[in-house]
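Chemist: Starting off with a structure, shown below.
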Amino acid sequence: MTHPLVTDLQGVLGDTGVLIGPSDMAAYLTDWTGKFTGTALCVARPASTKEVQQVVILCARHDIAITPQGGNTCVSGGSVPATDRTQIVLSLDRMRKIRALDTTARTATVEAGVILETLQTAARDEGLLFPLSFGARGSCTIGGVLATNAGGANVLRYGNARDLCLGIEAVLADGTTLHTLTGLRKDNSGYDLRNLLIGSEGTLGIITAATLRIYPAPRAVATAFVALADMAAALPVLNRLQDLSGGQVDAFEYMPAGVVGAVCSHLGMAPPLETPAETGLLVELASTRAGDAETDADGRSHLDALLTDALAGL
């Protein structure tokens, strides 16, 4: 027998907006690792903030819990429903509009279901950069990125998701919609509700849209893999690179021998060094200055030369 909530949801979202068949729901009930599987009455797939609001109100009326879900790329079970109570999955995967990309204000306002890589591509097409990036960029969503305060490879320079978010739209547990999609860099008015929601993993509300910072795209990028004697040597190297480059370190990732070996094996590539480094660093500099992209007689950019000189003698 169909649960009354499912019937009500179908009335709001239509049959295509509510999944009830086991095969249709399977991908939403198991996380990326395949180790965590939950149960749900259905998967609700609203296509707008208004529909998210209606779903939340109906679930409250029927006393049914909600597991909000973005790209379901979680590897710890957090994105799939539990089995200890009756609940639904609320997927944001139909909310994929880039509402605005303001090249003058350097902001992008996007819905929660927008794939991270889609936003990166849209910014790149305008000669700009959305700097947050990590392995799941082709399938994770902006809503999930914000709900988990995701980081990635460029945190050192640009910060976590929280640092890249200027405004947020969210539906709270009582169906109230919080609308603070501002592009202001400086705003000291009122409570900082945006940062309460970011990193809350859906426990305080369901993020439906956000206004995000975008940046000029780099003109030059220089990358190196460095072997160190131990981790104690890493911070002096970072400080040296920051000082000599004027704060242009984009990435500074610790990669021990086991990690490097696994990556090379998976990709079928040769290791970066002939002798494996027990303590390795993957370093990247990026610059928006045209002069740093200029090349010398050997074809090296100014930024490549700077990185090489900075690492000489380590």
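The values are calculated or read from the model by the stated rules, or taken from the named source; none is laboratory data. From a predicted model like this one, the values you see are computed outputs, not experimental measurements. Ideal geometry is used to build each Cβ from the backbone, glycine not excepted, and the neighbour counts take in all protein chains shown.
Chemist: Scanning segment 182-197 for residues that are farther than 21 Å from Pro46 by Cα and buried (at least 17 other Cβ atoms within 10 Å of the Cβ), which turns out modelled with the highest pLDDT?
Modeler: Arg194
Chemist: From the set of residues in segment 146-155 that are in a loop (DSSP other than H, G, I, E, B) and either on the phi > 0 side of the Ramachandran plot or of a type outside the set (Ser, Thr, Tyr) (or both), which is surrounded by the most Cβ atoms within 10 Å (Cβ to Cβ)?
Modeler: Ala150
Chemist: Moving to a separate point now. Can you name the helices (runs of 4 or more DSSP H) wholly within segment 198-314 that have at least 2 residues being closer than 30 Å to Asp93 by Cβ?
Modeler: The helices (runs of 4 or more DSSP H) meeting that bar are 257-267.
Chemist: Please state which one of Val89, Val80 is part of a loop (DSSP other than H, G, I, E, B) and either of a type in the set (Asp, Glu) or touching a helix residue (DSSP H, G or I) at 6+ places or on another chain (Cβ under 7 Å) (or both).
Modeler: Val80
Chemist: So, Leu92, is that one surrounded by 21 or more Cβ atoms within 10 Å (Cβ to Cβ), in contact (Cβ under 8 Å) with a residue 60 or more places away in the chain and either under 30 Å from Gly127 (Cα atoms) or in the same structural domain as Arg137 (by TED's automatic domain parsing) (or both) or not?
Modeler: yes
Chemist: Here's a follow-up. Just one of (1) surrounded by 18 or more Cβ atoms within 10 Å (Cβ to Cβ); (2) without any contact (Cβ under 8 Å) to a residue 24 or more places away in the chain trips up Glu117, so point out which.
Modeler: For Glu117, the exception is condition (1).
Chemist: Continuing with this model, one more query. For segment 120-135, give me each residue that is of a type in the set (Gly, Ala, Ser) and in contact (Cβ under 8 Å) with a residue 24 or more places away in the chain.
Modeler: Hits for segment 120-135 are Ala122, Ala123, Gly127.
Chemist: Which condition number in (1) within 19 Å of Arg96 (Cα to Cα); (2) of a type in the set (D, E, K, R); (3) without any contact (Cβ under 8 Å) to a residue 40 or more places away in the chain is the one that Arg45 fails?
Modeler: (3) is the only condition that Arg45 fails.
Chemist: Give the number of residues within segment 15-41 that are closer than 17 Å to Val55 by Cα and assigned to a loop (DSSP other than H, G, I, E, B).
Modeler: Residues that pass the stated criteria total 3.
Chemist: Something else: How many of the residues making up segment 234-281 are surrounded by 11 or more Cβ atoms within 10 Å (Cβ to Cβ), closer than 25 Å to Asn160 by Cα and of a type in the set (A, V, I, L, M)?
Modeler: Result for segment 234-281: 12.
Chemist: Taking segment 164-187, which residues are free of Cβ contacts under 8 Å to residues at least 40 places away in the same chain and under 30 Å from Ser287 (Cα atoms)?
Modeler: The answer is Thr182, Leu184, Arg185, Lys186, Asp187.
Chemist: Checking Ala123 against (1) part of a helix (DSSP H, G or I); (2) closer than 21 Å to His179 by Cα; (3) small (Gly, Ala, Ser): exactly one of these is not met. Which one?
Modeler: Single failed check for Ala123: (2).
Chemist: Which one is nearest to the chain's Cα centre (by Cα), of the residues in segment 156-181 that are part of a helix (DSSP H, G or I) and surrounded by fewer than 17 Cβ atoms within 10 Å (Cβ to Cβ)?
Modeler: Per the stated criteria, the residue is Arg162.
Chemist: For Ile206, state whether it is under 30 Å from Asp174 (Cβ atoms), modelled with pLDDT of 90 or more and among the aliphatic types (A, V, I, L, M).
Modeler: The answer is yes for Ile206.
Chemist: Would you point out the residue of segment 1-54, among those that are hydrophobic (A, V, I, L, M, F, W, C) and surrounded by fewer than 15 Cβ atoms within 10 Å (Cβ to Cβ), that is farthest from Ser91 (Cα to Cα)?
Modeler: It comes out as Met1.
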